[in-house]
Amino acid sequence: MTYRIGNTLEGTVTGIQPYGAFVSLDDETQGLIHVSEIQSGFTKNIHEVLQVGDSVNVQVIDIDEYTKKISLSRRTLETKFVHTGHRKKRYFTNKNKRIGFRTIDEQLPIWTKEALEMLSQENF
C-alpha cells in the first residue's frame, strides 16, 4: 500500500519504547508515533496511554524520502485538548491589568526627553 502524508489509518501497537510507540500499518509496513505525538500535553509514561496489541487510529505526518520511515501521530486526530495537569500557564504580567505596550508607548517620550537632557548636560 502507498501511504501519503495526511492519511488517517488504523494500526496495531507492536512495540513501546521510551521515545515512542511502533505501529504496524500492514504486514510489511511499520511507523512510529513519537512520544510528543501520543497525545496533547505531556506524556510521562507511554504505558499509561498505550499497550502492545492496542488498535489505534493514527495520521501520517511525515515520510522520509530516503529511508521510507513513516512518522505517525495520534495528537493530530484529537478533537479537543487533553489537559494532563502538569503545566499551568503563567503570565509575565498580570493579565487583568491594562498594562503592556500601551504603557511603554506612554512612557517612551518621557524616557527619550530624560535621556536627551542627560546627554546635553554631559560634555562629549
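A few comments on the model shown:
- The stretch 38-82, subset in contact with a helix residue (DSSP H, G or I) (Cβ under 7 Å, 6 or more places away or on another chain) and not hydrophobic (A, V, I, L, M, F, W, C), residue farthest from Ile5 (Cα to Cα): Thr43
- Applying the condition of being in a strand (DSSP E or B) and open to solvent by 40 Å² or more (accessible area, probe 1.4 Å) to the stretch 1-24 and asking which residue is nearest to Thr67 (Cα to Cα) yields Phe22.
The values are calculated or read from the model by the stated rules, or taken from the named source; none is laboratory data. As the structure is a prediction and not an experimental result, all values here were calculated from the model. For neighbour counting, all protein chains shown are included, and Cβ atoms are generated from backbone atoms with ideal geometry for every residue, glycine included. Surface accessibility is based on the protein's heavy atoms, side chains included, excluding ligands, DNA and RNA. Shrake-Rupley method; radii C 1.70, N 1.55, O 1.52, S 1.80 Å.
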